Ligand code: CP
Ligand code: NVA
């Protein structure tokens, strides 16, 4: 039986360094097969519950389509469809769902919710984003970097913006585990939590990754091969004014890209987990932009549309990375050596 079997993935540290790297390669392998229309039914007849307390486009679609292609049956359980969050506890919900489904995906606010689901359901649980972590973003992000550069170790990722959110914390730890040099470039009040940095530093000792936490753009961006960011105000927050004041200098724009020194040598890509505020085409965007006199926020439209942008490959890779994670933890057969 494979070593992943029955595992819950609630944060990056639930995987060993080897396991994380394996899932990156397995995701790319399954992507290559999918491109040839080869979909092995590794999860035939498995029932998978998809709980969404927060909104989602990519994660919901990636879990659903990946499950379908693996032969499983995904069932969407949004916060308006089920009793959880209104009149039933996580513990009771977990016991019921665990008796009917073979695995559960959870996206929501508290990390303690996804942990309680894993504790009481008795089936593998996958974290599709909480306030604290976003592990099903990290695996596809590393896949996207690897498919562009052919390798991971020795590359440098620079993340600009809110360095304390779920995506930043997951990326920091994930890069450290994969041996990727990583800089979190944020104002001091939004730099990674001390306990997360400590976890990342522990892995970095093992893998040789260099970690830089800085408020200085030039230091953070120097030699970066990947520049990435995330929204300044995450789901559940509403502090636009404070964040805009703090984070405007950390916008991913052409000046920031130029600081990498890689504008002209083919050694630079830009990622964004999406959704992104890069133009005026969203309702929230319009309201906030007008109020604060902006036309774009964490990433300029010029960068978003540029030759460096790989954010839509990154989004597509969510599906294949999630497929790898589901197949590995719920499939009964040996997983292939890649
Ligand atoms: N990147 C990401 O998790 O996107 P969704 O919020 O659309 O799922
Ligand atoms: N930090 C963002 C990520 C969205 C995918 C949020 O939590 O809203």
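Results, tabulated for the structure shown:
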quantity	calculated
Mean shadow area of the range 137-316, taken as a quarter of the surface of its Cα convex hull (nm²)	9.5 nm²
Highest-MSF residue in the chain out of 299, 211, 244 [GNM, Cα springs under 10 Å]	244
Ranked 156, 241, criterion: other C-beta atoms within 10 Å, fewest first	241, 156
Relative packing of 84-93, 161-170, 108-117, which averages over residues the other C-beta atoms within 10 Å, highest first	161-170, 108-117, 84-93
Gained length - residue 254 relative to residue 305, 0.36 nm times residue gap less alpha-carbon distance	17.2 nm
Radius, Kirkwood style, for the chain when every pair of distinct Cα atoms is counted (Å)	20.2 Å
Distance between modelled label sites at residue 91 and residue 210, nm, 7 Å Cα→Cβ extension	5.0 nm
Degrees between helix 194-207 axis and first principal axis of the chain (Cα, 0 to 90, nearest 10)	80 degrees
The chain - mean residue ellipticity at 222 nm from DSSP helices (-39,500 (n - 2.57) per run, n ≥ 4, rounded to 500)	-13500 deg cm²/dmol
Between helix 166-178 and the chain: long-axis angle, C-alpha atoms, 0 to 90°, nearest 10	80 degrees
Nearest-ten-degree value, helix 90-100 long axis tilted from longest Cα axis of the chain	50 degrees
Rounded, prolate or oblate (a/c below 1.5 giving rounded, otherwise prolate when a/b exceeds b/c) for the range 1-60 by Cα gyration tensor	rounded
Computed lengthening from residue 219 to residue 237, 0.36 nm per intervening residue step minus Cα-Cα distance	3.6 nm
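Quick note: the coordinates plus some simple rules give every number you see, no bench work behind them. None of these values were measured; they are calculated from a predicted model. Note that we place each Cβ from the backbone using ideal geometry, even for glycine, and neighbour counts take in every protein chain shown.
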